[in-house]
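See structure below.
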Amino acid sequence: KPQLVASNDRFCRFLEEYCPVVTETYYPTIWCWEGRVQTLLRPFITSRPQVQYRNELIKTADGGQISLDWFDNNDSLYYLDASTRPTVLLLPGLTGTSKESYILHMIHQSETLGYRCVVFNNRGIAGEDLLTPRTYCAANTEDLEAVIHHVHSLHPSAPFMAAGVSMGGMLLLNYLGKTGRDTPLMAAAIFSAGWNVFESVESLEKPLNWLLFNYYLTTCLQSSISRHRQMLEKLFDMDLVMKARTVREFDKQFTSVMFGYRTIDDYYEDASPCRKLKSVGIPVLCLNSVDDVFSPGHAIPVETAKQNANVALVLTSCGGHIGFLEGIWPRKCTYMDRVFKQFVQAMFEHGNKIFSM
């Protein structure tokens with residue numbers, strides 16, 4: 001049974017009534033219950049629902065561009081008026097895009113409820129060109145702020161939520177910690193966020209984890225910028241960046257330098273959402289598994305969460321990183337998908353009851 005951590009009794013009662021999945025026993029798939037196995041197998045096991053996107057490129061203040069993929073859900077049976085159709089902003093992980101299976105499943109769940117979705121693809125990774133020598137990081141929220149303002153300005157009367165996965169969840173938490181209540185978002189859902197970057201990279205540098213995850217993730221990061229080499233060579237020694245063999249080395253040579261941090265430790269401190277959790281000003285539900293090597297259980301800020309009435313943590317003992325596989329053959333729907341579906345429906349349709357329960 002998941003551990004539900006929340007200091008606000010009203011938020012707890014609200015979740016128990018309208019998002020009961022957070023109190024139900026989670027039965028991980030018996031033949032791949034271990035966290036690393038769940039993490040490795042989920043992308044291959046889960047189905048990929050068909051989603052037809054409408055792409056939009058928006059300009060940024062520094063002359064760059066951001067690629068948004070919209071699922072308008074114009075066939076919505078529940079919200080015929082597009083101007084008031086609830087909207088969910090989705091933030092993929094470190095090198096993820098709108099094509100990730102977990103994003104497609106979130107859109108599929110939203111479609112059945114009649115909601116509209118928009119996926120925020122980080123700069124330079126969804127096929128669009130870099131117009132400036134700048135990509136993205138977990139600490140810098142400028143692009144996310146621009147996207148939230150843009151989406152809200154298009155549909156100011158529509159209820160608006162966001163959901164972030166892995167680094168997308170870290171970015172969203174850092175934004176919420178910065179803005180407090182001053183955001184058009186009414187609530188947010190966070191999945192498998194890395195709470196303390198120092199602990200995350202240390203866990204990923206253990207020999208087996210480096211072999212299974214760290215080296216591959218580093219090559220994915222290098223691959224995502226190699227297409228933009230000509231633009232990035234204006235500021236970086238790309239030969240040195242491409243020699244990195246760990247995420248920490250990549251961040252030291254590239255990410256921390258790009259965003260003007262004096263040291264990599266300064267960047268990691270700024271990127272860690274645990275430092276900003278006290279300032280979150282809207283209802284946030286965060287799902288983590290304590291066996292996630294990307295976000296070790298001992299680094300989850302349980303005590304800090306208890307100090308903010310807007311925050312609820314749901315902690316499972318198994319599930320890995322964006323895994324949460326359940327059932328004998330877990331192709332269709334994961335525990336994470338069910339948490340997402342129930343929470344967004346609860347907030348959009350009953351969110352005003354949190355403060356009256």
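A few comments on the model shown:
- Exposed trypsin sites (Lys or Arg not before Pro) absent: longest stretch of the chain, with sites in DSSP loops and at most 16 other Cβ within 10 Å deemed exposed: 1-98
- For the residues GLU34, GLU202, a 1.4 Å probe over the protein chains yields an accessible-area ranking, largest first, of GLU202, GLU34.
- Portion, in percent, of the accessible area of the chain that falls on carbon or sulfur, probe 1.4 Å: 52
- Percent of Cα pairs in the chain per distance bin of 10 Å, from zero to the largest separation: 5, 26, 36, 25, 7, 0.
- Dividing the radius of gyration of the alpha carbons in segment 218-261 by their Kirkwood radius gives 0.92 for Rg/Rh.
- Rolling a 1.4 Å probe over the protein heavy atoms gives the chain an accessible area of 42 Å² per residue.
- Rounded to 5, percent antiparallel among DSSP beta bridges of the chain: 40
- The C-alpha atoms of segment 197-271 occupy a region whose extents along the principal axes are 35, 25, 15 Å, arranged from largest to smallest.
- Gyration tensor (alpha-carbon) shape descriptor, segment 24-93, a/c threshold 1.5: oblate
- Accessible-area ranking of PHE191, PHE71, largest first, probe 1.4 Å: PHE71, PHE191
- GNM result for the chain, Cα springs below 10 Å: residue of ASP239, ASP69, ASP292 fluctuating most strongly: ASP239
The values are calculated or read from the model by the stated rules, or taken from the named source; none is laboratory data. All values derive from a computational prediction rather than experimental measurement. Note: ideal-geometry Cβ built from the backbone for every residue, glycine included; neighbour counts use all protein chains shown. Calculation scope for accessible area: heavy atoms of the full protein, side chains included, ligands and nucleic acids excluded. Shrake-Rupley method; radii C 1.70, N 1.55, O 1.52, S 1.80 Å.
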